[in-house]
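The values are calculated or read from the model by the stated rules, or taken from the named source; none is laboratory data. Keep in mind it's a predicted model, so treat the numbers as computed, not measured. In this analysis, Cβ positions are derived from the backbone assuming ideal geometry, glycine residues included, and neighbour counts consider all displayed protein chains. To get the accessible areas, we keep the full protein, side chains included, count just its heavy atoms, and leave off ligands, DNA and RNA. Shrake-Rupley method; radii C 1.70, N 1.55, O 1.52, S 1.80 Å.
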Amino acid sequence: MGHAKNRIGLAAILAIVCLIFYSACHSPIFSNVNIKFLLRQSSYGNSLLSEIKSGLKKDQFDNNIYSIYKKTRFPETFHGIVLTIYQPQTRRIRNIATGSNCEKDLLRALQGVLKNNRYKEFNFSDSSTRLQMDFILQKPEKIDLSRMSQNAIGTERFEIGVDGLLVIYGNKKLYFLPGDAFTQSILSLDHLKSYIKKRFRDIPFDKLTFYRFHTDSYISYQNVWLKLYRGYPIVGKLTKTKLEKTVGSAIDFVIRNQKPNGQFLYYYEASRDSYVDHEHPKHDPQKNPYYNELRHCGGALLLLYDYRLYKDEKLLQPTRLAIEFIIPHIVVYKLADGSEAGYLYYNRKAKLGGSGIALYLLSEYQHLTGDPRYEKYAVLLARHLLSQITPTGEFTYYYIYLDKIIDWPEENIRLFNFYYPGEAIVGLATYHKYLVKDEADGKFIRKKLKLALDFLLRRRPEIYHKAYANLPSDSWLMMGINELWDIPEMRQKEYKDFVYEDADKMTAYMYTKKDALYQDYIGAFYYDYGDPPYADGARAEGLTAALELAHKTGDEKRVRKYYDALKLAAWATLHLCNTPESVYSVPRPDKTISGIRFKYTRQWFRIDTIHHVAAFYLKFMPYWRD
């Protein structure tokens, strides 16, 4: 809202053979593609589209198809062709033709579609009917799947989404195309093995034979064909306009799916058209839906970030509606000195992070709108958070856990949470910046914050060293320190150094154009080199906080370093964003477009997966340089 929207609609085009990379012209991987070639390819592709559509409607194809095909730049030779037809709420049709020459395989693939007994279920005039074409480039190579790994460097690496798998038992064959990982929401080799076992029931897994292959893959969309990579349309060049459209669509999606009580759509699995959360499968989405108060507050913060940048007043009503949802869950109690405090209580727990993010939300809301209606609740939450900083500086991670006030310190250690302190810090930082008027209150808050930060930056790495990994993840704390830098008394070198050290590590553990194992790895994070890509909006938010801090401190070298890394991160995370072009395989594209997924080949998304990526874009765009 308040900026460009992605309003590209779906249109009916079903075709089989043509090569046009209208987005590939701008891809960092396909930057040398000749524009004249693309235009030529488009011309012949349009003719071929017309022939194919005519053939589908007439239930017949002839050799004229192949004569047009020969004028395109598709592979001159290939082992086989796989044709897949998708239509919403209809089981896909797939036909495979291999082993003959190109002309015969092409015709066999087309005619095989017509012979399918479910062919008549598809409406080829419908705008949402899509067709995928894969060329199997070479004869599949036999492999020992038990020796394959997703982390290996070399021939024993199996790359989900890039490697295809032919599975054979007797006369039964299963072709698992590279892009099927995307369409079937398969992330790991274990997921893939489970998928295979369901299709070879009662057959011992060790009796199956496996062959690996690769494809060139394309999907129809409107008047063109899009090149697919890992099942997703080639992203192309990163532009600010793309980020703006993605944010606009995401904001519209969040608001459109907000419930009357203020809750957001929490979880959706697009490949199954299901609201059952895989992490909480026992919760019935209708009778007993799972919901999370921290992620709810994050969704409301996303609306405020958008409002901060674009000042669209229409965002404020759904923001207030989201705030009104959490207000009844703030429980008021009295501190030892007799003053009142309050904590956010939800799912039988009073989490430090829940109260912290709620305070951040209320403080930002009042700062951006000037509306003080929720200030009394912010005061209650701030008092509670300050009371949770123990004499050692360590926070109490849960005030209540499963309806029981926890015993400190034994249970606090057992219930340690790495992220809650950062969420409390950012809440107290923004509260101090925007709502504290009394200097005595400010002095007290700063004293407590310094005590907490002393523990977090010095003692926590020693006591909880097992919680730390090569790749830093405490973006909330990075954001909190960036906010605290606006308070002169909190500008300490140790705080700044923490943010920069974590940001430097993030950039060090990011795939770049020089070392990416696969083209869509660029801008994604990893823990150990060779890991599958982790395109991560949450970490990118922390890196953006480091960029902001570098601007504040005048560190131009880091400004350039973090900016360049964030552009790569933005390009990587675009692969997570559901667009009209990318939702070709799901049962309900209308429920899916504008969602932002968690992983490249997973189809589920949640309010926080949308929040973190879109929030990253909103925070990064003001620093954009063409």
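Relative contact order for segment 114-178: 16 percent, from Cα pairs under 8 Å spaced at least 6 residues apart, divided by residue count.
Enumerate the lysines that Lys198 could reach by cross-link, defined here as Cα to Cα under 19 Å, with residues fewer than 8 away along the same chain left out. Within the straight-line limit of under 19 Å, Lys198 reaches these lysines: Lys172, Lys173, Lys207. Counting only DSSP beta bridges whose two residues both lie in the chain, roughly 95 percent are antiparallel. Restricted to Cα atoms, the chain shows a radius of gyration and a Dmax of 26.8, 89 angstrom.
Only one residue of Asn412, Tyr267, Cys102 has its Cα farthest out toward the positive end of the dipole of the chain, where Lys and Arg carry +1 and Asp and Glu -1 on Cβ, and that residue is Cys102. With everything on Cα atoms, drop me the angle between helix 493-508 and the longest principal axis of the chain, reported from 0 to 90° to the nearest 10. Helix 493-508 sits at roughly 10 degrees to that axis.
In a simple Cβ point-charge model (Lys, Arg +1; Asp, Glu -1; nothing else charged), segment 223-334 has a dipole of about 380 debye relative to its Cα centre.
Roughly what percent of Cα-Cα pairs across segment 151-230 reach past 14 Å? Tail fraction, whole percent: 65.
In the structure shown, the pairs Lys513/Lys567; Lys242/Lys557; Lys245/Lys591 are assessed against 20 Å; a Cα-Cα span above that value is assigned to Lys242/Lys557.
With the simple model of a label 7 Å out from the Cα in the direction of the Cβ, Leu335 to Gln138 spans 6.9 nm. Relative to the dominant Cα principal axis of the chain, helix 439-454 is inclined by about 60°. Cross-link partners of Lys437 among lysines, defined as those whose alpha carbon lies under 29 angstrom from its own and excluding same-chain residues fewer than eight positions apart: Lys311, Lys334, Lys351, Lys376, Lys447, Lys448, Lys450, Lys493, Lys496, Lys552, Lys619. Computed per residue of the chain from DSSP H runs no shorter than four, each worth -39500 (n - 2.57), the mean residue ellipticity at 222 nm is -13000 deg cm²/dmol.
Taking the longest Cα principal axis of the chain as reference, the axis of helix 293-310 is set at about 80 degrees.
Here segment 363-474 is treated with +1 on each Lys and Arg Cβ and -1 on each Asp and Glu Cβ, and its dipole about the Cα centre works out to around 280 debye. Note on the chain: with charges restricted to the Cβ of Lys and Arg (+1) and Asp and Glu (-1), its dipole about the Cα centre is near 1760 debye.
Averaged per residue, the chain has 42 square angstrom of accessible surface, using a 1.4 angstrom probe with ligands and nucleic acids left out. Using only the C-alpha atoms, the convex hull of segment 509-559 corresponds to 82 Å³ per residue.
Our summary gives the chain a relative contact order of 15 percent, counting only alpha carbon pairs under 8 angstrom and 6 or more residues apart.
When the Cα positions of Tyr527, Ile487, His191 are compared along the charge dipole of the chain, His191 comes out farthest toward the positive end, with charges on each C-beta of Lys, Arg, Asp and Glu.
As a fraction of the 1.4 Å probe accessible area of the chain, surface on carbon and sulfur atoms comes out at 48 percent. Partner lysines whose Cα lies under 19 Å from the Cα of Lys104, excluding those fewer than 8 positions away in the same chain, are identified as Lys70, Lys71, Lys115, Lys139. Positive end of the dipole of the chain (Cβ unit charges, origin at the Cα centre): among Gln150, Asn117, Tyr509, the Cα lying farthest that way belongs to Asn117.
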